[in-house]
Amino acid sequence: MTWWQKSSRLARPDRPMALHPCACDPAATRGRRHAEPPAPTRNDFQRDRDRVIHSTAFRRLVYKTQVFLNHEGDLFRTRLTHSLEVAQLGRSIARSLGLNEDLVEAIALAHDLGHTPFGHAGQDALNACLHEAAEDETATPGEPRGGFEHNMQSLRVVDELEERYPAFNGLNLCFETREGILKHCSRANALWLEAREPGGVGARFLAGQAPSLEAQLANLADEIAYNAHDIDDGVRSGLLSLEQLEAVPLFERYRRAAAQQHPGLQGRRLLFEAIRRMLSDQVYDVIAATRQALADAGVASVDEVRRCPPLLRFSPEMRQASSELKRFLMLNLYRHPRVLETTGHARTVVADLFRAYCAAPQEMPAPSTTAPSVGLQRRVADYIAGMTDRFALREHQRLTGLTLFP
Ligand code: MG
């Protein structure tokens, strides 16, 4: 059976799927932090997704780096196109498993809202700045602990920083969406969250519990998406070659199958066809392995899912193959000298901005009267984290007179 015949056994796009008993049901949501009347035409998870799409932070994702800096080329993924791809993969898998598509989509679209400009380099720089600064600042209530971490910041964006509603800060999303956004959390941050919101989104990290299947799915769809699109962008940029990728068993399997079925296929079309097959096979693998895991665990509710180890998963073989691909990308793409050179500049931009705004807060826009009250350093970090790559570069040039990126 070929890869495309297999697919017809896995999904029936012509028929709506019944929801799995372990799927999150919007009618049974644990609710919002601020009570709101229901919307007449949308359930709570659909409403969350729409709130994310209309947020300011979501629009900024279009000019935020995924791996390649935004100005390096028009066709590389940005945080926005990455988030759309995660949502597409998440919805597709959710539909086959009978999970809540709207919730997966809401989490996927929101999962990277807290990323700084310049990707992980920006996050690392901001984290270092806050840790150094913390020594001489007394903690202000209302500030997250432990430096800067993009998952905590994504939650902070939807809980505090968006200013769109008259009655509250943030987007006032449902517990289930917020839980999915907070995919990792240190113990210190979990304790801090738990003190503010007992039994809330920090509690599972203290109790060692899993999140909903929809949250687990958004997380795995993220990995499937970036593994695939970073191969594409890596080759497009010239930093990776098809020959180099022959050493990656997962990719090579599909490249060889595509070349066999289409003799003479080469270059970009061969690359796309191999990636397309890899994506499809990973989707089918997750669906089959998760169905099996759910059956083996004998779970019949969201609460039972939370008490199990993550059940939404790859098969052991695909898990290993995906991890090998991740290692390959780490060594050959994310640590490529050309990428490291730009991330070095990016760190400098963020650190310079942090110092400049702390020394001269009047260079930042004055906070609105309803903005959350935090210390100067957290305010600076929130401001920088919200910047797009190009706005950060313009501000850096304005405040230092330096041009680090030609
Ligand atoms: Mg992501």
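Annotations for the structure displayed:
- Whole-number percent relative contact order across the chain, with pairs defined as alpha carbons under 8 Å at least 6 apart: 22 percent
- Heavy-atom SASA rank of 357, 383 (probe 1.4 Å, accessible area, largest first): 383, 357
- Highest mobility in the GNM of the chain, judged by mean-square fluctuation with C-alpha springs under 10 Å and restricted to 265, 130, 80, is found for 265.
- Local charge for residue 181 was computed over the other residues whose Cβ lies under 11 Å away, with Lys and Arg +1 and Asp and Glu -1, and equals -2.
- Gyration tensor verdict on the stretch 288-327 (Cα atoms; rounded if a/c is under 1.5, prolate if a/b is larger than b/c, oblate otherwise): prolate
- Viscosity 0.692 mPa s, 37 °C: Kirkwood-radius Stokes-Einstein D of the chain over Cα pairs, µm²/s: 146 µm²/s
- Dipole-positive endmost among 239, 367, 348 within the chain (Cβ charges, Cα centre): 239
- Convex hull per residue volume in Å³, alpha carbons only, for the stretch 159-210: 84 Å³
- Considering only 305, 328, 295, and ranking their Cα positions along the charge dipole of the stretch 213-336 that arises from unit charges at the beta-carbon of Lys, Arg, Asp and Glu, the one farthest toward the positive end is 328.
- With every protein chain in place, the chain: carbon and sulfur % of accessible area (1.4 Å): 53 percent
- In terms of its alpha-carbon gyration tensor, the stretch 277-406 comes out oblate; a/c meets the 1.5 threshold, while b/c is at least as large as a/b.
- Probing with 1.4 Å while keeping every protein chain in the model, the per residue accessible area of the chain equals 46 Å².
The values are calculated or read from the model by the stated rules, or taken from the named source; none is laboratory data. Keep in mind that what you see is a predicted model, and the values were worked out from it rather than measured. We place every Cβ from the backbone using ideal geometry, glycine too, and count neighbours over all the protein chains shown. For the accessible areas, the whole protein counts, side chains as well, though only heavy atoms, and no ligand, DNA or RNA atoms are used. Shrake-Rupley method; radii C 1.70, N 1.55, O 1.52, S 1.80 Å.
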